[in-house]
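Colleague: To start, I am sharing the structure in question, which I have written as structure tokens.
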Amino acid sequence: MGRLCFKPGYELKTLPETEAFILENGHLPGVPNEKEIKEDGLDLGEMQRIQMEKIEEMYLHMIEMNNQILDLKKEVSQLKEENSQLKK
């Protein structure tokens, strides 16, 4: 399945990439860290834009996961049917 995106060229990080970034940097990609906020302050409009982007990214991941779950359910159903046929 191809990557979902809201606009062409948008690069959605995979969850493992995001996890690695968080473990290395202590914050989400694209979000200012604590030091930057303390030094430069917080632009509420920019922060709201960043938060909306992160919400959209979460939805893209949830949609992808849901599609994977549906595919797995279908595969399990098919395997159960094949197993049932083999038992006969």
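Values quoted throughout were computed directly from the atomic coordinates according to the rules given, and no laboratory measurement underlies them. Keep in mind the model is a prediction, meaning the values are calculated, not measured. FYI the Cβ positions are ideal-geometry reconstructions off the backbone, even for glycines, and counts take in every protein chain you see.
Colleague: Kindly provide the helix-only [θ] at 222 nm of the chain, computed as the sum of -39,500 (n - 2.57) over DSSP H runs of four or more divided by all residues, to the nearest 500 deg cm²/dmol?
Modeller: Mean residue ellipticity at 222 nm (helix-derived): -24500 deg cm²/dmol.
Colleague: R0 = 35 Å: FRET efficiency of Gln68 with Glu24, Cβ-based, nearest 0.05?
Modeller: Plugging the Cβ-Cβ distance into 1/(1 + (r/R0)^6) gives 0.85.
Colleague: Using only Cα atoms, find the angle between the long axis of helix 44-87 and the longest principal axis of the chain, and express it within 0 to 90 degrees, rounded to the nearest 10.
Modeller: Roughly 10 degrees between the two axes.
Colleague: A further question on this structure: Could you state the angle between the C-alpha long axis of helix 15-25 and the longest principal axis of the C-alpha atoms of the chain, as a value from 0 to 90 degrees rounded to the nearest 10?
Modeller: The angle comes out near 30 degrees.
Colleague: Any idea what diffusion coefficient the range 1-74 gets from Stokes-Einstein, in µm²/s, Kirkwood Rh on alpha carbon pairs, 25 °C, 0.890 mPa s?
Modeller: Answer from the Stokes-Einstein relation: 173 µm²/s.
Colleague: Just subtract the alpha-carbon distance of Gln85 and Ile37 from 0.36 nm times their residue separation and send over the number in nm, one decimal.
Modeller: 11.0 nm
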